[in-house]
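Input: a single structure, listed below in structure tokens.
Taken together, the values in this text are just the output of simple stated rules run on the coordinates, not laboratory data. Bear in mind the structure is a predicted one, so any value in this text is a computation, not a measurement. Quick reminder, even Gly has a Cβ in these numbers, built from the backbone with ideal geometry, and neighbours come from all protein chains shown.
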Amino acid sequence: MKLTDLSSDINEWFSGSGPLADIVISSRIRLARNLEGYKFLNRCSTEEKSEILKMLRDVLMSLDLGDKIFYISVDKAPPLNRHFLMERHLISRHHAFGKGPRGVVIAQKEFFTAMINEEDHLRIQVLKGGLQLSKCAEQINNIDDMIEKKVSFAFSPRYGYLTACPTNLGTAIRVSVMLHLPALKITDQIEKFFNAAKDMSLAVRGLFGEGTEAAGDFYQISNQVTLGVSEADIIKQFENSIIPEIVEYENAARSQLLSEQIDLLDDKISRAVALLRNAHLISSQEALFLLSHLRLGLNMRESMGASSPAIDTLGTLSKQSGRKDKSDGLSIATINRLFMLTLPAHLQLNYGKTLDATHRDALRAQIIRSALDQGL
């Protein structure tokens with residue numbers, strides 16, 4: 001399978017579907033595992049890493065996941081391909097730019113990936129759109145059981161699964177939810193959210209995980225405690241308490257914008273529309289920032305019935321193109337698609353060659369102008 005088969009469209013978990021999808025972009029559960037009888041990767045030789053890679057690749061490729069799966073040698077992949085896999089949330093930044101033999105197994109529908117020789121021997125993850133942590137847990141536990149029938153993982157009766165980093169020791173589970181929180185940012189309440197998350201021992205990261213900024217008002221919230229607490233308790237707390245509370249705060253901020261700061265909201269949306277429809281050079285960061293405001297307006301229109309001059313304009317963008325089949329105006333799916341497909345590696349893969357920053361910015365602006373005019 002070629003990466004261009006993936007790069008031309010968005011995956012299911014980023015399509016804007018699923019419970020609470022106006023704010024909760026996706027749910028992810030990741031498990032870290034190491035093979036019994038082998039050293040941790042930071043102590044392994046290149047030959048030992050190659051042996052681990054081959055063993056786990058063969059096991060993973062033999063699994064029946066109900067979808068086609070394919071393998072990519074990350075260490076041998078061109079830099080552009082590695083950037084794409086990271087943009088697609090199929091591998092981590094650490095995996096993309098690490099050293100030594102390493103690879104990734106990916107389900108064609110992108111709900112499952114398995115990183116081999118990242119920080120641990122194996123890191124598997126399952127992704128779904130909206131707030132669906134329980135379904136992620138059920139699926140990844142089944143996959144974990146299938147793998148464990150073929151290999152033995154390093155496990156301690158006292159400490160649980162043994163991992164390279166002590167912060168993953170125990171359940172070795174990382175529960176992560178990606179949220180879109182533009183109203184909290186606009187109303188200057190985002191720092192309160194950060195402080196509350198810190199008090200609850202939660203990690204808050206940017207769009208692409210550890211070490212990245214919150215581009216486009218996307219934030220990844222994940223657990224930090226893995227020892228002394230069960231997987232079920234972590235998932236239950238996230239699904240029934242933590243995430244619904246954050247969603248409630250964001251919705252309250254959106255209501256505040258409508259009732260007390262409508263001019264500010266209209267200004268943000270109007271500026272975004274004007275720039276995105278007319279600019280001929282747009283950087284990746286600027287595109288994410290501006291598209292975030294369009295997504296906020298569309299969500300408020302659809303989920304809250306919000307109306308204002310700027311919000312109402314969003315419903316007429318595609319009408320102005322004269323296309324009868326687009327009479328309902330711009331959609332969340334269109335915005336989500338633009339978020340993903342205008343990222344640097346996506347742009348270049350779809351264009352067919354490497355581009356410098358200026359040509360990327362020009363191509364990005366052209367794609368966005370066309371999409372907003374046609375409601376694609």
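Structure above, values below:
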| quantity | calculated |
| --- | --- |
| Amide H within-cut-off set for ILE25, under 5 Å, with H built and near neighbours excluded | MET178, LEU179, HIS180 |
| Neighbour cut-off at most 12 other Cβ (10 Å), DSSP loop, GluC sites (Glu not before Pro), segment 1-72 | GLU36 |
| Residue order, fewest to most beta carbons within 10 Å, for CYS165, CYS136, CYS44 | CYS165, CYS44, CYS136 |
| Protection proxy ranking of 352-363, 271-282, 94-105 - average other beta-carbon atoms within 10 Å, highest first | 94-105, 271-282, 352-363 |
| Dimensionless Rg ratio for the chain, taking C-alpha atoms and the 2.2 N^0.38 Å reference | 1.02 |
| Label-to-label distance, nm, for residues given as LYS236 and ASN42 (7 Å Cα→Cβ offset) | 3.5 |
| Radius ratio Rg over Rh of segment 229-367, counting only Cα atoms, Kirkwood formula for Rh | 1.06 |
| Listed peptides 218-224, 75-81 by packing density, highest first (mean Cβ within 10 Å) | 218-224, 75-81 |
| Under Karplus coefficients 6.51, -1.76 and 1.60, residue-wise ³J(HN,Hα) of segment 64-78 in Hz, glycine/proline x | 9, 9, x, 7, 5, 10, 9, 10, 10, 7, 5, 5, 9, 6, x |
| Inter-label distance for GLN261 and MET146, nm, one decimal - labels placed 7 Å from Cα along Cα-to-Cβ | 4.7 |
| The chain, dipole about Cα centre (Lys/Arg Cβ +1, Asp/Glu Cβ -1), debye to the nearest 20 | 940 |
| Per-residue ³J(HN,Hα) for segment 151-164, Karplus 6.51 cos²θ - 1.76 cosθ + 1.60, θ = phi - 60°, Hz, x for Gly and Pro | 9, 10, 9, 5, 9, 10, x, 8, 9, x, 5, 8, 10, 5 |
| Restraint check, LYS128/LYS236; LYS2/LYS49; LYS99/LYS150; LYS128/LYS185, Cα-Cα greater than 20 Å | LYS2/LYS49; LYS99/LYS150; LYS128/LYS185 |
